[in-house]
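Here the structure comes first, spelled out in structure tokens, and everything after it is commentary.
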Amino acid sequence: MEAVVEATDLEKTYGETVALSRASLSVARGEVFALIGPNGAGKTTLVRALTGTTEPDSGSARILGASPAAVNRDRLGVLPQEFSPPGRLSARELLAYYAGLYDDARDPDDVLADVGLVDAGDTWYEDLSGGQQRRACVGSALVNDPDLLFLDEPTTGIDPAGRRTVWRLIEDLADAGTTVVLTTHDMAEAERLADRVGLLADGSLVAQGTPADLVRDHGGSSRLTIETEADPDAFADLEHPVDRPEHGRGRTPDNAVVVRDIDPASIGSVVDYLETHDIAYTELSWAEPDLEDVYLALADATERERTDRLESESGAADLAQAGETA
Ligand code: ADP
């Protein structure tokens, strides 16, 4: 089956900044693909390169069988990250305005219902809550009933109930055959919605796969977190590996040690150990690895590589300078 989105080796630099570095991905019809990654990783640049609003320096991109700049706009829906419609239009007028840009558009009231804004249809955009505004914006990307939908952070700023409305909407669209590419900082959102996830770090797609595959390959092991002042050495006789991650690193609270590779059935033996060794603790929590662990592991690794590279480059520059002055 032909991919609906196909990008090969996209590169984009802004001055010294590498926004995209050999980014390649392929998304099939009806698939939901989530792009995750730290701020500045290149997610928006990738979305813009795929929707024809920025020209990559090299590489190729095709969507719906055409180049992004030449694609039939009737088949494409795009919600940019920064999108501020006129404040003095009601939610309904806003959707009617965008519907008016297409020959064959949906009824704005149906779209209002899709995004859960029926009761706010007559409210000026500027008087909607932040979450309602974002849902109205999502609606504006749906008026032409697109085959391919790009949503750059669709649920940022939306409360949990509104977020669920948008999630169900995206699921229904995908069930009906719409292909969706979204970016998000919400790992629960990616895990719930995405058939496949791509993790961008430093302009590169460093991992792609189903959430389950990514968790299996990069998520690490299950872990028991013990909030305690005790030193990891106090656990030397426990038959599981124990470490104390840097304070507050990832999701580990301050003053905690982490027991790795441990199934729930063994938690009792750890509790016994704490008691027999007189180790004071305030809380125990067990967790399976999830997408957030994948994110933390891979984004951290890329950040460390980048710091090392910058340090070795500046070290080399220092040496060169020292050579010049010597
Ligand atoms: P993300 O969406 O993952 O936060 P972006 O794609 O917005 O990342 O940005 C990637 C990198 O490119 C960042 O370092 C950003 O500052 C830079 N960048 C993006 N757009 C521009 C631009 N128009 N001009 C200069 N730098 C840009």
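The values are calculated or read from the model by the stated rules, or taken from the named source; none is laboratory data. Since we're looking at a predicted model, the values are computed, not measured. Every residue, glycine as well, gets a Cβ built from its backbone with ideal geometry; the counts of neighbours run over all protein chains shown.
Quick notes on this structure:
- Out of Gly77, Gly52, Gly42, sole residue that is within 16 Å of the ligand (Cβ to nearest atom), closer than 20 Å to Ala190 by Cβ and crowded, with 17+ Cβ neighbours inside 10 Å: Gly42
- Residue match in region 185-205 (condition: touching a Lys or Arg at 6+ places or on another chain (Cβ under 9 Å), loosely packed, with under 15 Cβ neighbours inside 10 Å and part of a loop (DSSP other than H, G, I, E, B)): no
Here's the yes/no breakdown for (1) more than 22 Å from Asn39 (Cβ to Cβ); (2) more than 16 Å from the ligand (Cβ to nearest atom); (3) polar (S, T, N, Q):
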residue: Asp145; (1), (2), (3): yes, yes, no
residue: Gly157; (1), (2), (3): no, no, no
residue: Ala161; (1), (2), (3): yes, yes, no
residue: Leu182; (1), (2), (3): no, no, no
residue: Asp186; (1), (2), (3): no, no, no
residue: Glu189; (1), (2), (3): no, no, no
residue: Ala194; (1), (2), (3): no, yes, no
residue: Leu199; (1), (2), (3): no, no, no
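- Every test in (1) on the phi > 0 side of the Ramachandran plot; (2) at pLDDT 90 or above is passed by Gly250 save one, and that test is (2).
- Options Ala190, Ala230; residue that is of a type in the set (A, V, I, L, M) and in contact with a Ser or Thr (Cβ under 6 Å, 6 or more places away or on another chain): Ala190
- For Arg62, the test of being surrounded by 15 or more Cβ atoms within 10 Å (Cβ to Cβ), closer than 26 Å to Trp167 by Cβ and either in contact (Cβ under 8 Å) with a residue 40 or more places away in the chain or touching a Pro at 6+ places or on another chain (Cβ under 6 Å) (or both) is failed.
- Asp172 being assigned to a helix (DSSP H, G or I) and either out of contact with any His (no Cβ under 9 Å at 6 or more places or on another chain) or under 23 Å from Arg88 (Cα atoms) (or both): yes
- Within region 193-215, the residues that satisfy the criterion of being modelled with pLDDT of 95 or more and of a type in the set (D, E, K, R) are Asp195, Arg196, Asp213.
- Residues of region 4-29 that turn out to be more than 15 Å from the ligand (Cβ to nearest atom) and over 19 Å from Thr183 (Cβ atoms), as a count: 3
- Residue among Glu153, Glu227 that alone is touching a strand residue (DSSP E or B) at 6+ places or on another chain (Cβ under 7 Å), farther than 22 Å from Leu25 by Cα and either not small (Gly, Ala, Ser) or not assigned by TED's automatic domain parsing to the domain that holds Pro241 (or both): Glu227
- Filter result for the condition that a residue is among the aliphatic types (A, V, I, L, M), farther than 30 Å from Val181 by Cβ and surrounded by fewer than 13 Cβ atoms within 10 Å (Cβ to Cβ), over Ala234, Ala280, Ala256: Ala280
- Candidate set: region 72-91, residues that are modelled with pLDDT of 90 or more and among the hydrophobic types (A, V, I, L, M, F, W, C); chosen: the one farthest from Val181 (Cα to Cα): Leu89
- Test: Gly87 is part of a strand (DSSP E or B) and more than 14 Å from the ligand (Cβ to nearest atom): no
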